[in-house]
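In what follows, a single structure is set out as structure tokens and then discussed.
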Amino acid sequence: MSKKKERPAPSSLGLAPVGVDSHAHLEGSSAEIQATLDRALAGGVRTVGHVFLGPDAYARTRPYFTTIPNLFFILGTHPHDAAQMTENDLQTMAQAFAQDAGLRAVGEIGLDFYYDHSPRPVQEQWFRRQLQLALDLNLPVVIHCREAEEQCLTILNDMGFAGRPLLWHCFGLGPDWVEKLVQRGWHLSVPGVVTFAKAHDLRQAVTMIPEDRLLLETDAPYLAPEPYRGRPNEPALLGFTALEIARLRGEDVHLLWQRSADNARHFFGLEA
């Protein structure tokens, strides 16, 4: 019988409880979410950004988070759902941002030409409309972009987003894209994929991200880092991503942990 693989506990990394998971999809009841955040804190993650994928999800699940501290929220219609988006959805989102101080950014919005769950022209239409909402409300933007990088960049350039607060969520591209995004003043959020041995371009790219532009994310429950790859991801595992990025960059993990968290707090306008 093969011996069960032992994985180190997140707490074994010894990271200070200051970390920020900039992008997660928390699931379950209020009690289950609180238990997830308790495990995160034991692993050094104090604050988590939860993403509401559209106004319906926001209306349905926002009450689950009412009594849970150390969260901030991101709201937007994902490109997968663009075909179902309406003008009323856009107005509902605007009202939510006006009424809920916990909502800190419009996202994740963008283009996904890998799955093409919505027609590409429709994705582009609602991407532009949500970008305009962010401009109107003077809010940061969190971008989802897959197999549509040039198209995303063209739209963002057309709408004047260079120099505006923008976070490229789940960054998995190569060094050339670090340069393109950074020169426009944007931030990059790196997921657990960077711990995968075959993610050669990303592993090279993270060595080139300026220290003040780097954020960390789990994108939970997806993309768990090594040594938890293949299992459901959660914020508690963020430290393993930090550990590998620090190794690749030749930096102290504790300093990178603090700095990436400070970057997230600054980007989303959170209290230190």
* To do: Go through (1) touching a helix residue (DSSP H, G or I) at 6+ places or on another chain (Cβ under 9 Å); (2) within 20 Å of Arg62 (Cβ to Cβ); (3) not charged (D, E, K, R) and name the single condition Gln99 misses.
  => (1)
* Structure fact -> The condition from (1) over 22 Å from Leu188 (Cα atoms); (2) without any contact (Cβ under 8 Å) to a residue 40 or more places away in the chain that Phe73 misses is numbered (1)
* Asked: Residue check: is Ala98 under 30 Å from Leu202 (Cβ atoms) and modelled with pLDDT of 95 or more?
  -> no
* What residue, among those in the stretch 14-39 that are assigned to a loop (DSSP other than H, G, I, E, B) and of a type outside the set (Gly, Ala, Ser), is farthest from Ala83 (Cα to Cα)? -> Leu15
* Asked: List pairs: first in the stretch 1-27 and within 18 Å of Ser260 (Cα to Cα), second of a type in the set (Asp, Glu) and modelled with pLDDT of 95 or more, Cβ under 8 Å, 6+ apart or cross-chain?
  -> Asp21/Glu217; Ser22/Glu217; His23/Glu108; His23/Glu217; His23/Asp219; Ala24/Glu217; Ala24/Asp219; Ala24/Glu234
* To do: Tell me, please, whether a residue that is surrounded by fewer than 24 Cβ atoms within 10 Å (Cβ to Cβ), of a type in the set (Gly, Ala, Ser) and either in contact with a His (Cβ under 7 Å, 6 or more places away or on another chain) or over 12 Å from Gly239 (Cα atoms) (or both) can be found in the stretch 19-28.
  => yes
* To do: Report yes if Gln151 is under 30 Å from Gly174 (Cβ atoms), in contact (Cβ under 8 Å) with a residue 24 or more places away in the chain and surrounded by fewer than 16 Cβ atoms within 10 Å (Cβ to Cβ), otherwise no.
  => no
* Taking the stretch 35-82 only, how many residues are under 14 Å from the mean Cα position of the chain (by Cα) and of a type in the set (Gly, Ala, Ser)? -> 2
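The values are calculated or read from the model by the stated rules, or taken from the named source; none is laboratory data. Since this is a predicted model, take the numbers as computed values, not measurements. Counting neighbours? That spans all protein chains shown, and the Cβs are built from the backbone with ideal geometry, glycine included.
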